[in-house]
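Have a look at the structure below, then the notes.
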Amino acid sequence: SAKALLEAVFDRAPAAIAMSDTEGRIVRANAAFERLVAMDPIALAMLPIGSLADPADAPARAERIGQLLAGEVPDFMIEMRYRRADGSVIWVENFAAVICGDGGARYVVEIVRDVTRRKRSADEVLASRNELRLLYDWLQRVRNDERIALAREVHDQLGQILSAAKIDIKLLMEDIQASRGGL
């Protein structure tokens, strides 16, 4: 039957899929979803799906779900953190849509993909860029300090050379005047 086929696809899908009622109670989750959140079906059935969201991301998710159930948006995608049963945190890309029936929204289906590795890589790239920026700024300060120090040194040495040349010229002029006066 079509229902059995749909259930088989749902259960065997490699993507993590969970279906909840409009109150957020999990009605069904496939094995990939259970693995993603590190929970068994019994534990999952006792939780509202929103409780999996990290507390920092829960308000944004709740707002988007509210828009979805109110019919303001047909679906949405959000990157957020999930807290797993063991307390670890993972980044997920969460796509949600409504299944309608009997005159309105009946279920919310969420397809969730773990993007933790990508987020960590992006964070590492950002950290590397920040380190390079700090190194570049330090290098620029060192260069500027070197220029200032070199300019002072050249100024001092040139000043000494010019002062010595001025004295030599003065003495030379005195010698010339003295030798002219003696003639």
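The values are calculated or read from the model by the stated rules, or taken from the named source; none is laboratory data. Please read all numbers here as calculations on a predicted model, not as lab measurements. Reconstructed Cβ throughout: ideal geometry from the backbone, glycine too, with neighbour counts over all protein chains shown. Quick note on the areas: whole protein, heavy atoms, side chains included, nothing else; ligands and nucleic acids left out. Shrake-Rupley method; radii C 1.70, N 1.55, O 1.52, S 1.80 Å.
Some notes on this structure:
- Cα centre as origin, Lys/Arg/Asp/Glu Cβ charges: region 48-115 dipole, Debye: 120
- Straightening the chain between residue 140 and residue 13 buys 40.3 nm, computed as 0.36 nm per residue apart minus the Cα-Cα spacing.
- Percent carbon-and-sulfur accessible area, the chain, ignoring ligands, DNA and RNA, probe 1.4 Å: 58
- Charge dipole (debye, nearest 20) of the chain; +1 at Cβ of Lys and Arg, -1 at Cβ of Asp and Glu: 260
- Region 18-161, accessible area per residue, ligands and nucleic acids excluded (1.4 Å, Å²): 65
- Per-residue packing, averaged as other Cβ atoms within 10 Å, sorts the ranges 101-112, 23-34, 125-136, 69-80 into the order 23-34, 101-112, 69-80, 125-136, beginning with the highest.
- Charge-dipole axis of region 1-116 as Lys and Arg at +1 and Asp and Glu at -1 on Cβ define it, positive-most pick from 111, 51, 1: 1
- Positive dipole terminus of the chain, leading residue within 42, 136, 169 (C-beta point charges): 169
- Candidates 168, 137, 11: whichever shows maximal mean-square fluctuation once the chain is modelled as a Gaussian network with Cα springs under 10 Å: 168
- Per-residue [θ]222 nm for the chain (sum of -39500 (n - 2.57) over DSSP H runs n ≥ 4, rounded to 500): -19000 deg cm²/dmol
- Site pair residue 21 and residue 106 shows an inter-label distance of 1.3 nm when each label is modelled 7 Å from Cα along Cα→Cβ.
- For region 79-183, size of Cβ-based charge dipole, Lys and Arg +1, Asp and Glu -1, in debye: 300
- For residue 166, a cut-off of 17 angstrom between C-alpha atoms picks up these aspartates and glutamates, skipping any fewer than 8 places away in its own chain: 156, 174, 175.
- Chain lengthening between residue 54 and residue 2 when straightened (0.36 nm per residue, less Cα-Cα): 15.1 nm
- Label-reachable residues, region 111-143, where backbone N falls under 16 Å from a point 7 Å from residue 154's Cα toward its Cβ: 143
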